[in-house]
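Here's the structure we're looking at; comments come further down.
The values are calculated or read from the model by the stated rules, or taken from the named source; none is laboratory data. Nothing here was measured: the structure is a model prediction, and the numbers come from that model. Counting neighbours? That spans all protein chains shown, and the Cβs are built from the backbone with ideal geometry, glycine included. Ligands, DNA and RNA are excluded from the accessible area calculation, which covers all protein heavy atoms including side chains. Shrake-Rupley method; radii C 1.70, N 1.55, O 1.52, S 1.80 Å.
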Amino acid sequence: VSQSRYGWIMRIKDTLYSKYIKEREGFDILENDLGFLIYKIKREDKDCFIGHMYIEESVRERGNGKSLIQCLSEVALENECEVISASIDLRDKNASRTLQASLRVGFEVFRAECGVILIIKRLKGVK
């Protein structure tokens, strides 16, 4: 558990699921009491890719996703990433809501093809 300026965040490493997702997919997890995100640092691309993100439904649209993204930004900068990226599958029932929330926290549409939108957030303060 660590405290960022955005609140308490856990970098989960010891649960069975986190071990599985790290071994199988190379992803790490940031989590707090309200949500989590699963991410992978792609050093060769200077990219921090978000594989999945979830915020408890009862606390959405209150800045909780933004807090997780801000904490991930700190992790990404520590790893010399220049962008955070994610993809939104338009078949997802919450695709529109996800895109709107992403745009509000500084992501931009990078590319859209074959029913998937790739979004990126350019990081400030890259070393």
- Spacing of the two label points (7 Å from each Cα toward its C-beta) at LYS66 and ASP33, in nm: 2.1 nm
- Item | Euclidean distance of C-alpha centroids, the stretch 82-121 and the stretch 23-70, integer Å | 14 Å
- Query: Could you give me the ³J(HN,Hα) list for the stretch 105-113, computed from phi with Karplus coefficients 6.51, -1.76, 1.60 and θ = phi - 60°, whole Hz, x at Gly and Pro?
  - Reply: 9, x, 7, 9, 6, 9, 7, 9, 7
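Would you mind telling me the share, in percent, of accessible area of the stretch 53-118 contributed by carbon and sulfur at probe 1.4 angstrom?
On the way: 1900 of 4030 Å².
That share works out to 47 percent.
If you place +1 on the Cβ of every Lys and Arg, -1 on the Cβ of every Asp and Glu, and leave all else neutral, what size is the dipole of the chain about its Cα centre, to the nearest 20 Debye? Kindly include the intermediate steps, with their values, before the conclusion.
On the way: 22 positive and 20 negative charges, 46 e Å.
In total the dipole reaches around 220 debye.
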- J(HN,Hα) series, the stretch 79-84, from Karplus relation 6.51 cos²θ - 1.76 cosθ + 1.60, nearest Hz, glycine and proline x: 9, 6, 7, 9, 9, 10
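Per residue, how much accessible area does the chain show when a 1.4 Å probe rolls over the protein heavy atoms, in square angstrom?
Working: 8350 Å² over 127 residues.
Ligands and nucleic acids excluded, the result is 66 Å² per residue.
Given the DSSP H assignment, sum -39500 (n - 2.57) over each helix run of at least 4 residues in the chain and divide by its residue total; what's the result at 222 nm in deg cm²/dmol, nearest 500? Walk me through the intermediate numbers first.
On the way: 3 runs with 35 residues, N = 127.
Value at 222 nm, helices only: -8500 deg cm²/dmol.
Between GLU108 and TYR20, how high is the FRET efficiency from 1/(1 + (r/R0)^6) when r is the Cβ-Cβ distance and R₀ = 41 Å? Nearest 0.05.
Working: r = 32 Å, r/R0 = 0.79.
So the FRET efficiency works out to roughly 0.80.
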- Query: Near the amide H of LEU123, under 5 Å away, which other amide H atoms are found, from residues 5 or more places off or on another chain, if H is placed in the peptide plane?
  - Reply: VAL83, ILE84
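What are the GluC sites (Glu not before Pro) within the stretch 54-127 that DSSP puts in a loop, where the Cβ has at most 14 other Cβ atoms within 10 Å? Don't jump to the answer; show the numbers that get you there.
Details: sites: GLU56, GLU57, GLU61, GLU74, GLU78, GLU80, GLU82, GLU108, GLU113; in loops: GLU56, GLU61, GLU80, GLU82.
Within the stretch 54-127, the qualifying GluC sites (Glu not before Pro) (loop, at most 14 other Cβ atoms within 10 Å) are GLU56, GLU61, GLU80.
I need to check one value: relative contact order of the chain, counting alpha carbon pairs closer than 8 Å and at least 6 residues apart, in percent. Intermediate results must be reported in sequence, preceding the final value.
Values: 207 pairs, mean separation 23.4, N = 127.
It rounds to 18 percent for the chain.
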- Message: Under the 0.36 nm per residue contour assumption, what length would be gained going from the current alpha-carbon distance of LEU118 and ARG97 to full extension?
- Response: 6.1 nm
- Query: For the charge dipole of the chain, defined by +1 on Lys and Arg C-beta atoms and -1 on Asp and Glu C-beta atoms about the Cα centroid, which residue among SER73, PHE27, ALA86 has the Cα displaced farthest towards the positive pole?
  - Reply: SER73
